[in-house]
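One structure is given here, and the rest of the page talks about it.
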Amino acid sequence: MKNIVFDKDDLLEIEKIKAKYPDTKSAVMPVLWYAQDKFGDTNTEIQKLVADTLDLPPSHVYGVVTFYTQYYDQPKGKFVLDVCTCLSCHLCGGYDMLHYAEEKLGIKAGETTEDGLFSIQSVECLGACGYAPMMQITNDKVVNHLTKEKMDQVIETLKSGNDIELEPITIPQHQNVSK
Amino acid sequence: MSKDWKSYKPLLLPDIKDLSSIDVYEKNGGYEALKTILKHKKKEWTPENVTNEVKSAGLRGRGGAGFSAGMKWSFMPKPDGGPRYLAANGDESEPGTFKDRQIFEDNPHLFIEGAIIAAYAMSIDVVYVYIRGEYRPYLKMLQKAIDDAYEKGYIGKNILGSGIDVEMYTHMGAGAYICGEESSLMESLEGKRGYPRVKPPFPAQKGLWGRPTTINNIETLANVPLIMKNGAEWYKQIGAEGHAGPVLYGISGHVNRPGVYEYPSGMLITDLINEVAGGIRGGKKLKAVIPGGSSTPPLTAEAVEGIAMDADSLREVGTMMGTAGLVVMDEDTDIVDVVWRISHFYHHESCGQCTPCRDGTGWLQKTLEKINRGDGEMRDLDLLLNICNQMEGRTICALADAAAWPVRYSIDRFRADFEAKCKKTVYALA
Ligand SMILES: Cc1cc2nc3c(=O)[nH]c(=O)nc-3n(C[C@H](O)[C@H](O)[C@H](O)COP(=O)(O)O)c2cc1C
Ligand code: SF4
Ligand code: FES
């Protein structure tokens, strides 16, 4: 378990964040992101740390964390598979992909595997509707045009400790391959 | 409608390799518009003249509401020496919409140049680019572009020696559709829960931190350098009358080649589906189209015939341009199921401030879920319409309307589908 403190370097980064805004309160979202990157989630203890650092009431930070779905107010798996089941992804089999991942990992959406490696979530539109069905991994890399095979591959890659490459989107209109 | 769309050359997303790098962008005429404006800032291109040029070009907002950009800029009060803000809206969370992301990925400097010109035209000193948290990989791409532009003196203090200062910062959201609504976006930037504000006061009067603020969509701002480089007259010639300019059409759903396509406004929906996106998958027939993101009322295959993608044409058939994110559904699509999923989205995303929205979206979802699983009764359709009546126009922001419209118009236009699912139960014996 990591010590829940910001060290000197962290505090320097936080000062840089604060400088972008006219008041300290406005820094709460980027600082929460910073904390989540460092600690893995933003549970109440971390919320308290952010509140103290920015001199805000913990209740305010709690209010922000619970409003935005990407802040994890509870610990999650090392890899969070956000499978989109919204409009366009649903039309293209988003729920099939979700259920396939659930079966494969033996957990339901909202749960975490016992080894703490994977969580699955069924999420709303991720802004990649043209590449449906798709998913995002722990708020970062996106995997487009999901198939069962691709899901298998991604899970294997992550398990083996390797990183997923971000797939560039080639604009179908372009004649020359631009990437 | 320009009939020669087949020979159209993209302007927002031109086919140039590595355009996202600042050197390539500059080599292709990038930042020329900004340079020219700043060079002639005393006479030809005063802030007022720039605003007027954008106004007469007829550029309408690409974020959903389609409001005149130049007009919006002219609402900003006279500078009083205090800070003024531009919030560039890259929240892009309306289901079916995925076009701004392509700008971050492929032509970020066009957007940056447009935002700096907009800031100059409104005497704004700070630009915040609000980007949804799910776009983190693309935010990194934009941040790199911003850093490069700072280095070359296109952003920051004394831009290109003009004496004009503009700072540009990115702000990452964290998963809340509502933060795309302009006043919610400002609350979020101020470090709060994204509760939309009651208007008036409007952002130009009292925006970010109580100061004059303008909110524009990313694609809207990316159009600005095109206008300033080629002139309003040139721009007006592109696409449909009353809705000029290139449009990034995001096409998703049951088509062969989904993706973002740039064509003039006023494209026929059938051309977009059948030619641009390669037709319906599996050679199937069309059943329905959502023309501009999930909140825009769906159209039947018959209604789509001959209809162009511009505000006026779409209004005539009872829908809207929205974000130009077309969602295409084939003949096998279960409309009830689709509408249920849409209402699931709006219920999840309601911020909960207004009772008609907080409770209404929940009732829509629950009632549709009941019908969808085959337990519906005919009177549930009346109930749904009744709930819509109590939501529309009765809330702080337009999310409640956005949730009600797809339900209301789907029942209206695809009533047989709904009735078929209702009739399965309860009254079967009668
Ligand atoms: C619920 C709701 C969500 C919205 N989401 C977005 C969005 O994600 N992106 C966007 O540009 N505009 C969004 N808008 C519209 C904005 O409020 C605003 O009109 C727009 O950003 C203004 O830019 P424009 O005039 O350049 O289009 C949303 C509006 C509502 C009511
Ligand atoms: S209409 Fe809905 S989303 Fe908008 S302010 Fe009211 S409760 Fe929030
Ligand atoms: S619906 Fe899945 S990315 Fe938009």
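Filtered by the rule that a residue be more than 10 Å from every other protein chain (Cβ to nearest Cβ) and open to solvent by 40 Å² or more (accessible area, probe 1.4 Å), the stretch B:182-209 gives B:Glu182, B:Arg197, B:Val198, B:Lys199, B:Pro200, B:Pro201, B:Phe202, B:Gln205, B:Lys206.
For the stretch B:342-351, the criterion of being over 30 Å from A:Gly63 (Cβ atoms) and among the aromatic types (Phe, Trp, Tyr) is met by none of the residues.
For B:Met321, the criteria (1) crowded, with 24+ Cβ neighbours inside 10 Å; (2) part of a helix (DSSP H, G or I); (3) away from chain A (no Cβ under 14 Å) hold in every case but one, which is (2).
Going by the conditions given, is B:Leu286 open to solvent by less than 10 Å² (accessible area, probe 1.4 Å) and more than 10 Å from chain A (Cβ to nearest Cβ)? Spelling it out, it is not the case that B:Leu286 is open to solvent by less than 10 Å² (accessible area, probe 1.4 Å) and more than 10 Å from chain A (Cβ to nearest Cβ). Within the stretch B:165-177, if we keep just the residues that are within 9 Å of another protein chain (Cβ to nearest Cβ) and surrounded by 20 or more Cβ atoms within 10 Å (Cβ to Cβ), the residue that is nearest to B:Ser123 (Cα to Cα) turns out to be B:His171.
In the stretch B:44-67, the residue that is most open to solvent (accessible area, probe 1.4 Å) out of those that are of a type outside the set (A, V, I, L, M) and under 18 Å from B:Val127 (Cβ atoms) is B:Gly63.
Restricting the search to strands (runs of 3 or more DSSP E) fully inside the stretch B:154-258 and requiring at least 2 residues that are closer than 15 Å to B:Val129 by Cβ gives B:167-172, B:213-217.
Just to be sure before I move on: is A:Met151 in contact (Cβ under 8 Å) with a residue 40 or more places away in the chain and within 14 Å of ligand 3 (Cβ to nearest atom) in the structure I sent? Criteria not met by A:Met151. If you go through the stretch B:295-315 one residue at a time, do you hit one that is touching a Phe, Trp or Tyr at 6+ places or on another chain (Cβ under 9 Å) and among the basic types (Lys, Arg)? Checking the stretch B:295-315: not a single residue is touching a Phe, Trp or Tyr at 6+ places or on another chain (Cβ under 9 Å) and among the basic types (Lys, Arg).
Could you list, in sequence order, the residues of the stretch B:347-384 that are under 29 Å from the mean Cα position of the chain (by Cα), open to solvent by less than 70 Å² (accessible area, probe 1.4 Å), within 14 Å of chain A (Cβ to nearest Cβ) and away from ligand 3 (no atom under 16 Å from the Cβ)? The answer is B:Ser350, B:Cys351, B:Gly352, B:Thr361, B:Gln365, B:Leu368. Within the bounds of the stretch B:138-151, is there any residue that is open to solvent by 10 Å² or more (accessible area, probe 1.4 Å) and either in contact with a Leu (Cβ under 7 Å, 6 or more places away or on another chain) or within 14 Å of ligand 1 (Cβ to nearest atom) (or both)? Scanning the stretch B:138-151 turns up no residue that is open to solvent by 10 Å² or more (accessible area, probe 1.4 Å) and either in contact with a Leu (Cβ under 7 Å, 6 or more places away or on another chain) or within 14 Å of ligand 1 (Cβ to nearest atom) (or both).
Taken together, B:Ile396, B:Ile387 contain a single residue that is near ligand 2 (Cβ under 10 Å from one of its atoms), away from chain A (no Cβ under 14 Å) and either touching a strand residue (DSSP E or B) at 6+ places or on another chain (Cβ under 7 Å) or hydrophobic (A, V, I, L, M, F, W, C) (or both), which is B:Ile396. Could you check how many residues of the stretch A:8-37 are of a type outside the set (Phe, Trp, Tyr), open to solvent by less than 70 Å² (accessible area, probe 1.4 Å) and part of a loop (DSSP other than H, G, I, E, B)? Count: 3. Looking only at residues that are surrounded by fewer than 15 Cβ atoms within 10 Å (Cβ to Cβ) and under 26 Å from B:Ala240 (Cβ atoms) in the stretch B:68-97, which one is nearest to the other protein chains (Cβ to nearest Cβ)? By that ranking, first place goes to B:Phe75. The residues of the stretch A:55-94 that are within 19 Å of the chain's Cα centre (by Cα), open to solvent by 20 Å² or more (accessible area, probe 1.4 Å) and either at positive phi or within 14 Å of chain B (Cβ to nearest Cβ) (or both), listed by number, are A:Tyr62, A:Thr66, A:Phe67, A:Thr69, A:Asp73, A:Lys76. Entry remark, the stretch A:130-166: residues being open to solvent by 60 Å² or more (accessible area, probe 1.4 Å) and either within 14 Å of another protein chain (Cβ to nearest Cβ) or within 16 Å of ligand 2 (Cβ to nearest atom) (or both) number 3 in total.
So which residues in the stretch A:53-86 are assigned to a helix (DSSP H, G or I) and among the aliphatic types (A, V, I, L, M)? If the condition is that a residue be assigned to a helix (DSSP H, G or I) and among the aliphatic types (A, V, I, L, M), then A:Leu54, A:Val61, A:Val64, A:Val65 are the ones that fit. When the residues of the stretch A:118-129 are filtered to those that are within 7 Å of chain B (Cβ to nearest Cβ) and either open to solvent by 20 Å² or more (accessible area, probe 1.4 Å) or in a loop (DSSP other than H, G, I, E, B) (or both), the one that is farthest from B:Val276 (Cα to Cα) is A:Glu124.
The values are calculated or read from the model by the stated rules, or taken from the named source; none is laboratory data. These numbers were taken from a predicted model, which means no experiment stands behind them. When we count neighbours, we look across all protein chains shown, and the Cβ atoms used for this are built from the backbone with ideal geometry, even at glycine. Side chains are part of the model used for accessible areas, which takes the heavy atoms of the whole protein and leaves out ligands, DNA and RNA. Shrake-Rupley method; radii C 1.70, N 1.55, O 1.52, S 1.80 Å.
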